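Visitor: Handing you a structure now.
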Amino acid sequence: MTEVRVTVDGVNYADDVEPRMLLAQYLRETLGKTGTLIGCDTSNCGACTVHLNGQSVKSCSVLAVQADGAEVTTIEGLARDGQLHPVQEAFRECHGLQCGYCTPGMIMAAVDLLGDNPDPSEQEVREGIEGNLCRCTGYQNIVRAVQTAAKNMKPGAAQPTEQAAPVAGGN
């Protein structure tokens, strides 16, 4: 066993782990961060994408011991004070998901992309998320969601407001 000290979603952890434990397994099994999904175990699909020291990584290709001393952000760590991150909100607003399995990794890749390129073209979005596979959507709404988030994240942009859902059988 090897001790790992890591900050995940702003909380410090120290745990003993098997040296061969993957970061994805550590996040899910030890910390309960089940939003980090394991889709392929071969780093092809991107469902397990998290941020390691601010950079997107596929957590199924990183050992937990390699994250020792690092800061990790998962999909659960993006929302703040009960408010979705603008990329999460744009995926919801633009229907950028269907089954939702790829969504956490896709959102994490998109956040990283927008950190590097706050105003990407359609082609740049497609290139920025190309390591994340989606079998349901055809990517069109995902690309639209990323570009919508980019607009909403610009300084001075009006933020979308949550509308109350109508109550069934209401007056």
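The values are calculated or read from the model by the stated rules, or taken from the named source; none is laboratory data. Since this is a predicted model, take the numbers as computed values, not measurements. Here the Cβ positions follow ideal geometry from the backbone for every residue, glycine too, while neighbour counts run over all protein chains shown.
Visitor: Report, by residue number, each residue of segment 126-142 that is assigned to a helix (DSSP H, G or I) and under 18 Å from Cys45 (Cβ atoms).
Guide: Across segment 126-142, the qualifying residues are Arg126, Glu127, Gly128, Ile142.
Visitor: Within the set of pairs 6+ apart or on separate chains, which have a first residue in segment 73-93 that is in contact (Cβ under 8 Å) with a residue 40 or more places away in the chain and closer than 15 Å to Asn141 by Cα, a second that is part of a loop (DSSP other than H, G, I, E, B) and aliphatic (A, V, I, L, M), and C-beta atoms under 8 Å apart?
Guide: Listed by first residue and then by second, the contacts come to Val87/Leu78; Phe91/Leu97.
Visitor: Looking for something in contact with a helix residue (DSSP H, G or I) (Cβ under 7 Å, 6 or more places away or on another chain) and either of a type in the set (Phe, Trp, Tyr) or within 16 Å of Gly131 (Cα to Cα) (or both) - is there at least one such residue anywhere in segment 10-28?
Guide: yes
Visitor: Sticking with this one: For Ala110, which of the numbered conditions (1) assigned by TED's automatic domain parsing to the domain that holds Gly138; (2) in a strand (DSSP E or B) fails to hold?
Guide: (2)
Visitor: Any chance you could count how many residues in segment 25-54 are at pLDDT below 95 and of a type outside the set (A, V, I, L, M, F, W, C)?
Guide: Of the residues in that region, 5 qualify.
Visitor: Further, regarding this structure: Output the residues belonging to segment 10-37 that are part of a loop (DSSP other than H, G, I, E, B) and surrounded by fewer than 18 Cβ atoms within 10 Å (Cβ to Cβ). Before you say what the answer is, go through the steps one by one.
Guide: In the first step, residues of segment 10-37 are kept if they are part of a loop (DSSP other than H, G, I, E, B); the result is 10, 18-21, 31-37.
Hits for segment 10-37 are Gly10, Glu18, Pro19, Arg20, Gly32, Thr34.
Visitor: Just need a number here: residues in segment 1-25 that are at positive phi and β-branched (Val, Ile, Thr).
Guide: The qualifying residues number 0.
Visitor: Among the residues of segment 50-67, what is the count of those that are of a type outside the set (Gly, Ala, Ser) and in contact with an Asp or Glu (Cβ under 8 Å, 6 or more places away or on another chain)?
Guide: Of the residues in segment 50-67, 5 are of a type outside the set (Gly, Ala, Ser) and in contact with an Asp or Glu (Cβ under 8 Å, 6 or more places away or on another chain).
Visitor: While we're on this one: Please enumerate the residues belonging to segment 38-51 that are hydrophobic (A, V, I, L, M, F, W, C) and crowded, with 22+ Cβ neighbours inside 10 Å.
Guide: Cys45, Ala47, Cys48, Val50
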